[in-house]
Amino acid sequence: MVAQTTEDYASNPNLSLREKWQAHLKNRHTDASASVSTPTWLLNTWGPRVTLFVLVGAGVWEMFVTIPALYQGGWEDYILPSQMLLAFLLFEVAVNWCLTGTVSSEYRPEIHGTEPARVSASGEWKRESSSLPVSASKDSVGSCEKRAYTDVATGCVYDIESEAVDLDYAPPSKTGAYDGHSYRMLVPTSLPDEDGHVERKSFPYWSWTPCVICQRPRPPRCYHCPLCKVCVLKRDHHCYISGCCVGANNQRFFHIFVFWTIPLTSFGILHMFPYAFRHVGPEYEAELVDFIFPVCVIRCLLGYVSFTVLFLCCQFWLIIFFNIFSIGMTMGHLRLLYEGRTSFERDNSVKVLDTRTLPGKLMSVFGKYWWLNFLVPLYPRFKPEEDAVLWPDIKP
């Protein structure tokens, strides 16, 4: 029987206000494994707001103030082409940023299918999430955690060392022959008790594992995010800029978002430098030291510089940050796309053999006619050509 949620208690007319409040507090304690720290919550809350602030603030100022001010004195013919180029870049970045945050990669069994049953050596039908886990004692869990990686978002503890695994069922034919070795991970199989203890069981990395929050099995590479509050297919990472997890369905939009952010921020930096020294300094009586952000904040509070200077200084440094961020993310994720791995698998040296060709890997993320996605989002028409549940093209 599934326990009532906070919403169920809130809508129950037979409970008093005090009983509803007590039920709410009990639910918060029960769901402690899916709680997040305050800094993480703040990042997830304010990250999208800061991104929107940069897109709107810097975009509007650049379009209607910076470009007309710079292209004066015989350069007026460059104003309209520069504004059109900026509008195109803003459109690509804004649309793909919005789609990254709105297109869900949630695992839904009624759509994506449930865990397949397999035939064991004894001829019995078994499911991975119920037949594979091996209970770990407190001592073994403690020793494993010392050499393991804990995912802050999912709460899972992953044993990175390669160990021998004795399986009693035939390997799935679609995923290739099983070599007898696999990465194992300790997955929570119960909610925290009153002492905060969480029971965990050992699973091979490429297997179905239980989700104690959703109360159902989940496929390989699928993890529960306490911020998104869902299990995410092919979860790569939680993006604080878009406020959601990057997974199987919205990975394409994240790739294109960071790709177009590079020319957009580079365009802004090339115009912000001359504009700051030619116009901001003389017009607003700003000194060179005022472009150092902490100094600018203090001098603005003391009344030495105007709020406009603080606004421009904030935009300038945020544009530089997004430029560096987008270059790093683009290079890193292009390599992951080529290798057929996720960020977690790269960080922990999990070996993955993707049998697809490079065009197949591109279509697995961007869909058919993958190159058109860099101009027009084509998700409703050409979805990613990848099975993010069974992984038939991956050999662990």
Quick check: is even one residue across region 209-231 among the hydrophobic types (A, V, I, L, M, F, W, C), farther than 25 Å from Leu42 by Cα and either modelled with pLDDT under 90 or more than 12 Å from the chain's Cα centre (by Cα) (or both)?
yes
Taking the conditions exactly as written (more than 30 Å from Glu92 (Cα to Cα), outside any loop (DSSP other than H, G, I, E, B) and either among the aromatic types (Phe, Trp, Tyr) or in contact (Cβ under 8 Å) with a residue 24 or more places away in the chain (or both)), does Phe203 satisfy them or not?
yes
Any idea which of (1) more than 21 Å from Arg341 (Cβ to Cβ); (2) at pLDDT 75 or above; (3) surrounded by 15 or more Cβ atoms within 10 Å (Cβ to Cβ) is the one His197 doesn't satisfy?
(3)
Being assigned to a helix (DSSP H, G or I) and either surrounded by 14 or more Cβ atoms within 10 Å (Cβ to Cβ) or at pLDDT below 90 (or both) narrows it down to one of Gly123, Gly74, Gly59, so name that one.
Gly59
Output the number of the condition that Leu318 fails; it satisfies all remaining conditions of (1) under 30 Å from Pro380 (Cα atoms); (2) aliphatic (A, V, I, L, M); (3) buried (at least 18 other Cβ atoms within 10 Å of the Cβ).
(1)
Number of positions in region 322-335 that are under 17 Å from the mean Cα position of the chain (by Cα), surrounded by fewer than 18 Cβ atoms within 10 Å (Cβ to Cβ) and aliphatic (A, V, I, L, M):
3
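Quick grid of which residues meet (1) at pLDDT below 95; (2) closer than 19 Å to Leu90 by Cβ; (3) not basic (Lys, Arg):
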{"residue": "His237", "(1), (2), (3)": "yes, no, yes"}
{"residue": "Val246", "(1), (2), (3)": "no, no, yes"}
{"residue": "Asn250", "(1), (2), (3)": "yes, no, yes"}
{"residue": "His255", "(1), (2), (3)": "no, yes, yes"}
{"residue": "Val258", "(1), (2), (3)": "no, yes, yes"}
{"residue": "Ile262", "(1), (2), (3)": "no, yes, yes"}
{"residue": "Thr265", "(1), (2), (3)": "no, yes, yes"}
{"residue": "Ala276", "(1), (2), (3)": "yes, no, yes"}
{"residue": "Gly281", "(1), (2), (3)": "yes, no, yes"}
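For (1) surrounded by 15 or more Cβ atoms within 10 Å (Cβ to Cβ); (2) assigned to a helix (DSSP H, G or I); (3) at positive phi, each residue gets a yes or a no:
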residue: Cys214; (1), (2), (3): yes, no, no
residue: Arg221; (1), (2), (3): yes, no, yes
residue: Ile241; (1), (2), (3): yes, no, no
residue: Leu270; (1), (2), (3): no, yes, no
residue: Val309; (1), (2), (3): yes, yes, no
Within the bounds of region 265-273, is there any residue that is within 22 Å of Leu42 (Cβ to Cβ), in contact with a helix residue (DSSP H, G or I) (Cβ under 6 Å, 6 or more places away or on another chain) and not acidic (Asp, Glu)?
no
Among the residues of region 87-112, which ones are part of a loop (DSSP other than H, G, I, E, B) and among the aliphatic types (A, V, I, L, M)?
Val103
Can you run down the residue pairs with Cβ atoms below 8 Å, 6 or more apart or on separate chains, where the first is in region 331-358 and assigned to a loop (DSSP other than H, G, I, E, B) and the partner is of a type in the set (Lys, Arg) and modelled with pLDDT of 90 or more?
Gly340/Arg356; Gly340/Lys361; Thr342/Arg221; Thr342/Lys234; Thr342/Arg235; Val350/Arg341; Val352/Arg341
Of the residues in region 310-338, how many are farther than 17 Å from Phe257 by Cβ and aromatic (Phe, Trp, Tyr)?
4
Those residues of region 281-298 which are assigned to a helix (DSSP H, G or I) and under 37 Å from the mean Cα position of the chain (by Cα) amount to Val289, Asp290, Phe291, Phe293, Pro294, Val295, Cys296, Val297, Ile298
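The values are calculated or read from the model by the stated rules, or taken from the named source; none is laboratory data. What you see is a predicted model; the values in this text were computed from it and never measured. Note that each Cβ is placed from the backbone with ideal geometry, even for glycine, and that neighbours are counted across all protein chains shown.
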